[in-house]
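Readers should treat all values here as calculations from the given coordinates under stated rules, not as data from a laboratory. Worth saying up front: this structure is predicted, and the values here are computed from it rather than measured. Don't worry about glycine lacking a Cβ; one is built from the backbone with ideal geometry, like all the others, and counts go over all protein chains shown.
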Amino acid sequence: MASKSGTRPSYRCTECGWAAVKWVGRCGECQAWGTVAEVGAPTSARTSAVAPARPAVPIAEVDAEQAQARSTGVEEFDRVLGGGIVPGAVVLMAGEPGIGKSTLALDVAARAARTGERVLYVSGEESAAQVKLRAERIGAVADTLYLASETDLATVLGQISSVAPSLFVIDSVQTVASADVDGSPGNVSQVREVAAALIQVAKSSNTAAILVGHVTKDGNIAGPRVLEHLVDVVVGFEGERHSRLRMVRAVKNRFGPTDEVGCFDLGDGGIRGLADPSGLFLTSRDRPVPGTCVTVTLEGRRPLVAEVQALVSAEETGSPRRTTSGLDSARLAMVLAVLSQRGGVPLAKHDCYASTVGGVRLGEPAVDLALALALASARADLALPLSTIAVGEVGLSGDLRPVTGLPRRLTEAARIGFTEAVVPEGSLTEGRPPAGMRIHEVATLADAVGLVLAAAHATATIAGPPAGTMAGR
């Protein structure tokens, strides 16, 4: 909508920053209701050119050493950032309340301070004494780590100027407000002004900055979208509230890849990186149990071995239930339909429950085959061999489709100790399978179900082959 000459839109959405010249009940950008609020409407002004304080130089003469990443001391966080944090870079760390943002930020600040650097941690939600208690609990006390509890932007900038840190942390950016801007802390105008001021300080002084951000009920970063565009790196926390596992994923990264994932264990003693988290997603048992199947998922470029569990029971109410935990409910419904129509496993009149172990979320199509085999195992009440994994996408016609990164998945499974794998036909067109691993290539879901159930039945009989093996096809 066009505005009058000489004025700017005076209404903005508090969720996404969309602007309008008059109030409306629904945002025209994010379609949220009741989020458009009035803000100041300053008149436009023409900017005059001034002499630059630092003239432009030829690119060949620019010192690139100043942009080299420095390790944060947390290997899993370095993995996500692309090797470490770059001086002058601004990192936005977002996640739900209680997921571990402040704990990780405080740990990174303390590790940087232990190397002799001056680090400033500004908390807008807790007092300095409260932060000190948490630092003692997680072992994050250092001599050159300075704490401040401030919510005024001018005071925060003064603290940064006084301490002159090489890294400062603002927890959180939505709690800091500027007295020169109308509105309460966290609204569009305040977040925009606060972020711009902090980013300007970080860039001009070549100081690294970590900004902790809130998320909305939809899981999006609170505040205007311009906040994500202004910062250099955006990382998001993922994980179930009742699970210790936390995953940190780079959504945006100007200095490294965005397909890396860091795994952390959040406990009473703080948050620590998990270089090998696969063991968290498997159940320790000595004998096979019906309704379980192991798969290998790719989180970014990292393969993770995970276990899918299923329970099938006869329904009695006429409306069978479909319940998931850690899996996509729509994906479960599709796999159940294909199993019933193409796989020879009738499940239309049964309650079906499916979940993952360890709170990990499995959303990629490569998990379809493991989910289908776990359901078939539960329906037949036959346990699949312990040494078997299944990786593949299930099509609506009952066919199995190859997935990306299969060699990496198989290598990780072999490292854990698995010796047999069920994969779609034609998956191993390049390279050889890992040493000691037997590959079973199947074309359809019905073939896969028949293969594993035959192996499960043979394992359950006294005269069958040794436990954990499948007869070749």
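Here are the numbers for this structure:
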| read-out | value |
| --- | --- |
| Pairwise centroid distance, computed over Cα atoms, of segment 349-427 with segment 73-89, Å | 34 Å |
| Y11 long-range amide H proximity, modeled H, under 5 Å | A20, V39 |
| At R0 = 41 Å, FRET efficiency that the Cβ-Cβ distance of V62 and T323 yields, to 0.05 | 0.10 |
| Of K101/K132; K132/K203; K101/K203; K22/K203, pairs whose Cα-Cα distance is over 27 Å | K132/K203; K22/K203 |
| In segment 292-329, the trypsin sites (Lys or Arg not before Pro) that fall in loop regions by DSSP, at most 14 other Cβ within 10 Å | R301, R321 |
| Estimated FRET transfer efficiency when R0 is 51 angstrom, pair Q31-A454 (beta carbons, to 0.05) | 0.45 |
| Nearest 10 degrees, 0 to 90: helix 329-341 Cα axis against the chain principal axis | 20 degrees |
| Values of log10 I(q)/I(0), in the order q = 0.13, 0.15, 0.18, 0.22 Å⁻¹, for segment 111-185 under a Debye, Cα-only, solvent-free model | -0.39, -0.51, -0.71, -0.98 |
| Largest-first principal axis extents, alpha carbons of segment 141-223, Å | 38, 28, 23 |
| DSSP loop GluC sites (Glu not before Pro) with at most 10 other Cβ within 10 Å excluded, longest remaining stretch of the chain | 1-315 |
| Net charge over other residues, Cβ less than 15 angstrom from the Cβ of S397 (K, R count +1; D, E count -1) | -3 |
| Backbone HN-Hα couplings from phi across segment 296-306 [Karplus 6.51/-1.76/1.60, Hz, Gly and Pro as x] | 10, 9, 9, 9, x, 9, 9, x, 10, 7, 9 |
| Folded to 0 to 90 degrees: helix 188-205 orientation relative to the chain principal axis, Cα | 80 degrees |
| Sites S48 and N206, calculated FRET efficiency, Cβ-Cβ separation with R0 30 Å, nearest 0.05 | 0.60 |
| Computed over segment 1-158, Kirkwood Rh from alpha-carbon pairs, angstrom | 20.2 Å |
| Three-way shape label, segment 283-398, alpha-carbon gyration tensor, a/c 1.5 | prolate |
| Segment 263-308 and segment 94-167: distance between their alpha carbon centers, rounded to Å | 31 Å |
| Cross-link partners of K349 among aspartates and glutamates (Cα-Cα below 13 Å; sequence separation of 8 or more within a chain) | E315, E316 |
| Cys with no candidate disulfide partner in the chain (beta-carbon separation under 4.7 Å rule) | C263, C293, C352 |
| Degrees, to the nearest 10: 101-114 long Cα axis against longest axis of the chain | 70 degrees |
| Full-extension gain in nm, E136 to T283, via 0.36 nm per residue minus C-alpha separation | 49.6 nm |
| As computed over the chain, the Cα convex hull volume per residue (Å³) | 208 Å³ |
